[in-house]
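The values are calculated or read from the model by the stated rules, or taken from the named source; none is laboratory data. If you're wondering where the values come from, they're calculated on a predicted model, not measured in any experiment. Here the Cβ positions follow ideal geometry from the backbone for every residue, glycine too, while neighbour counts run over all protein chains shown. Each accessible area value is taken on the protein alone, full model and side chains, heavy atoms only, with ligands, DNA and RNA left out. Shrake-Rupley method; radii C 1.70, N 1.55, O 1.52, S 1.80 Å.
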Amino acid sequence: MNALVEVFESRLYAGSVADEIVASISDDLADKGSCTVGLAGGGTPGNIYRAMAAPPRVTEVEWDKVKFLLGDERWVPHEDILSNYRMVQETLVGPLSRYQRPKTFPVDTSLGSPSEAAARYETVLRNELEMGDQGVPQFDILLLGIGEDGHTASLFPNSPLLSEARKLCDTCPHPTDGTQRVSITPPLLLNARRIFVLITGEGKSEMVRRILEGEDPIERIPARLVMQSKSRVSFFLDSAAASKLKASYRG
């Protein structure tokens with residue numbers, strides 16, 4: 001297994017993970033003067049973003065040299081409470097902009113259709129990311145959450161996007177409510193230089209166990225896709241999310 005698992009006390013989780021992300025961004029800025037970060041939506045990442053944008057971390061990075069892109073987005077206006085872009089603006093980009101404004105690239109949900117938005121965002125990804133292996137663009141850092149059903153980004157169980165090999169970004173419906181999403185696809189996800197999987201809460205502890213210790217196929221638990229990455233993959237868990245793990249993965 002090409003993955004590191006780190007477990008933090010719940011009360012220390014957001015700050016500790018924010019420290020890890022900020023340190024990784026700083027390393028990239030020192031090495032090559034830029035950093036591209038794929039952001040996840042959801043409550044757990046939002047708490048981490050708030051910690052990143054607060055002292056002392058907010059002054060530890062030259063944020064105007066950082067590019068933020070989205071791993072997925074709901075097909076709603078940017079001002080909608082369900083918009084990942086709105087959450088990122090409120091928790092991360094807005095507070096950071098009081099110091100230095102990072103470059104942020106939202107999915108354009110004002111276009112005529114999700115398919116048009118996905119095609120447009122693929123162009124953005126190709127323009128803004130460095131080229132990696134086999135002609136596939138590459139995030140420096142990709143942040144991912146998981147759902148209780150095992151999805152990550154908007155790659156849901158049994159989604160046809162799981163077998164997408166050509167497109168970097170495409171559309172998919174949510175499996176229960178049918179609402180449309182725009183999501184990165186496996187080729188782009190797997191080519192990230194570093195992947196951080198962010199998981200908290202007892203409600204996801206069984207899924208964490210199945211991802212790390214089980215043998216479910218990717219079609220059933222899409223988050224297991226990250227186990228195929230040849231890059232650096234880190235699972236950052238709070239103690240509740242790690243509570244059902246039998247083995248020790250630390251180090």
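Before moving on, here are some points about what is shown:
- Taking the three principal axes of the alpha carbon atoms in the stretch 55-184, the coordinate ranges are 43, 37, 31 Å, sorted in descending order.
- The Rg/Rh ratio of the stretch 27-91, with Rg taken over Cα atoms and Rh as the Kirkwood radius over Cα pairs, comes to 1.00.
- Hits among aspartates and glutamates - C-alpha to C-alpha of K230 under 14 Å, sequence gap 8 or more where chains match: D133, D140
- Calculated [222 nm] ellipticity per residue, helices only, for the chain: -7500 deg cm²/dmol; basis is -39500 (n - 2.57) per DSSP H run with n ≥ 4, divided by all residues, nearest 500.
- Direction-averaged projected area, Cα convex hull, the stretch 132-178: 4.0 nm², rounded to one decimal.
- Of the solvent-accessible surface of the stretch 21-151, computed with a 1.4 Å probe and all protein chains present, 47% belongs to carbon and sulfur.
- Based on protein heavy atoms only, the chain ends up with 44 Å² per residue of surface accessible to a 1.4 Å probe.
- Set of lysines near K103 by C-alpha distance (under 21 Å), chain-local residues within fewer than 8 positions excluded: K32, K65, K67
- In order through the stretch 211-224: 3J(HN,Hα) via Karplus (6.51 cos²θ - 1.76 cosθ + 1.60), integer Hz, x for Gly, Pro: 5, 8, 10, x, 10, 4, x, 4, 4, 8, 10, x, 4, 5
- Excluding exposed DSSP-loop trypsin sites (Lys or Arg not before Pro) (at most 10 other C-beta within 10 Å), longest clean stretch of the chain: 1-97
- Using C-alpha pairs below 8 Å separated by at least 6 residues, the relative contact order for the chain is 25 percent.
- Cα pair distances exceeding 27 angstrom across the chain, given as percent: 31
- Hits among lysines - C-alpha to C-alpha of K204 under 18 Å, sequence gap 8 or more where chains match: K244, K246
- Summarised as an ellipsoid, the stretch 65-114 has semi-axes of 21, 12, 8 Å, derived from the eigenvalues of the Cα gyration tensor scaled by 5 and square-rooted, with the largest first.
- Averaging over all projection directions, the Cα-based convex hull of the stretch 124-245 occupies 7.4 nm² in the image plane.
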